[in-house]
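What follows is one structure encoded as structure tokens, with my remarks underneath.
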Amino acid sequence: MSATYTLDTSTSRANPTPAPIRRLTIPGLRARKVDGVTAEPIVVLTAYTARQAQLLDPHCDMLLVGDSLGQVIYGLPSSVPVTLEMMAAHGAAVVRGSYHSVVIVDMPFGSYEASPAQAFDNAARLLKETGAAGVKLEGGAAMAETIAFLTARGIPVCGHVGLTPQAINVLGGYGPRGRDEAEADKIKQDARAVSDAGCFAMVIEGVIEPLAAAITAAVPCPTIGIGASPDCDGQVLVTEDMVGMFERTPRFVKRYADLAGTIGEAAAHYAAEVRARTFPGQDQLYQPKK
Ligand code: KIV
């Protein structure tokens with residue numbers, strides 16, 4: 001979509017109505033990469049709530065209900081404690097709030113690693129309870145069998161290689177990956193393995209730029225970069241980072257707004273008016289019928 005959209009506040013829909021009205025599909029996004037080239041980059045943002053989805057939907061190709069909601073919504077220290085129930089509730093809200101973008105839901109830590117059968121049961125539950133089109137799961141070669149198992153049984157999978165935040169207890173930190181040759185080779189093999197297993201796309205997170213570019217050139221499916229490379233076939237950011245909800249901005253994030261500042265100013269203004277008894281004013285009061 002290339003037009004500029006505004007929000008019709010009476011319907012919460014985009015104006016003008018984006019065409020086509022039908023939701024984009026995973027095969028459609030997968031097919032954007034032809035002979036290694038993606039002419040129209042894939043635009044992805046995270047979404048966790050219905051209202052957020054309504055605002056983002058007209059501008060995106062894909063909305064990712066990321067398990068980053070653990071930190072962003074629930075104030076958890078990492079994505080490790082995130083549950084399937086959280087992902088199902090937020091996934092359903094995002095599907096209700098969108099009608100254009102493909103919606104995919106992260107499989108939380110512990111819901112897919114034990115076996116392909118465990119992964120299938122939980123991924124099927126997520127698709128049934130949310131209406132999402134696919135799932136994302138983290139890991140490389142170790143997850144290839146699971147990705148093939150799900151894909152062969154009707155569940156599209158987006159892979160996730162490089163920095164895999166659910167593995168924080170093994171990695172020890174969220175720093176960039178692939179700086180030494182052995183790790184770069186391992187990430188390349190992981191990317192090749194999840195691609196061969198049939199993932200429709202893969203997130204490449206937090207790796208050195210030439211590695212992300214090389215993987216993008218090497219795999220047939222679209223790559224979605226975050227802290228990766230402009231050469232990736234698409235980009236994703238956590239929306240709250242992108243709109244400036246947090247003071248800390250990691251290097252790979254660009255802030256396109258200052259919502260934390262706007263919300264803080266609004267709250268301060270409101271508090272001052274309540275204390276001065278100037279809110280509510282005449283416009284906000286009900287009077288007896290004349
Ligand atoms: O959970 C998430 O938001 C993600 C993105 C950062 C890719 O996995």
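The values are calculated or read from the model by the stated rules, or taken from the named source; none is laboratory data. Not measured: the values here are computed from a predicted model. FYI the Cβ positions are ideal-geometry reconstructions off the backbone, even for glycines, and counts take in every protein chain you see. Accessible surface is based on the protein model in full, side chains and every heavy atom, while ligands, DNA and RNA are left aside. Shrake-Rupley method; radii C 1.70, N 1.55, O 1.52, S 1.80 Å.
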* **Percent antiparallel among DSSP beta bridges (both partners in region 25-284, rounded to 5)** => 10
* Structure fact -> Residues whose modelled amide H sits under 5 Å from the amide H of residue 76, counting only those 5 or more places away in sequence or on another chain, are 71
* **Cut-off 10 Å between beta-carbons: net charge of the residues surrounding residue 228, Lys and Arg +1, Asp and Glu -1** => -3
* To do: Determine the relative contact order of the chain: mean sequence separation of Cα pairs under 8 Å and six or more apart, normalised by residue count, in whole percent.
  => 15
* Structure fact -> Share (percent) of C-alpha pair distances in the chain greater than 35 Å works out to 21
* Euclidean distance of C-alpha centroids, region 80-112 and region 233-262, integer Å -> 21
* Would you compute, from DSSP H runs of 4+ residues alone, the mean residue ellipticity of the chain at 222 nm, taking -39500 (n - 2.57) per run and dividing by the full residue count, rounded to the nearest 500? => -10500 deg cm²/dmol
* Asked: Looking only at 168, 42, 208, which one moves most when the chain is put into a Gaussian network model with springs between Cα atoms under 10 Å?
  -> 168
* Asked: Stokes-Einstein D for region 73-184 at 20 °C, 1.002 mPa s, Kirkwood Rh over Cα pairs, in µm²/s?
  -> 144
* To do: Against the globular-protein guess of 2.2 N^0.38 Å, express the Cα radius of gyration of region 122-264 as a ratio, rounded to two decimals.
  => 1.11
* **Set of lysines near residue 128 by C-alpha distance (under 24 Å), chain-local residues within fewer than 8 positions excluded** => 136
* Structure fact -> With the 1.4 Å probe rolled over protein heavy atoms, the chain has an accessible area per residue in Å² of 50
* Structure fact -> A 1.4 Å probe over the protein heavy atoms gives region 25-284 a carbon and sulfur accessible-area percentage of 58
* Asked: For region 134-210, what is the convex hull volume of the alpha-carbon atoms per residue, in Å³?
  -> 83
* Spatially proximal aspartates and glutamates relative to residue 186 (Cα-Cα < 18 Å; intrachain offsets below 8 disregarded) -> 138, 145, 196, 205, 209
* To do: Note down the magnitude of the dipole of the chain about its Cα centre, charges +1 on Lys and Arg C-beta and -1 on Asp and Glu C-beta and zero elsewhere, to the nearest 20 debye.
  => 980
* To do: Using a Gaussian network model of the chain whose springs link C-alpha atoms within less than 10 Å, name the residue from 249, 278, 164 with the highest mean-square fluctuation.
  => 278
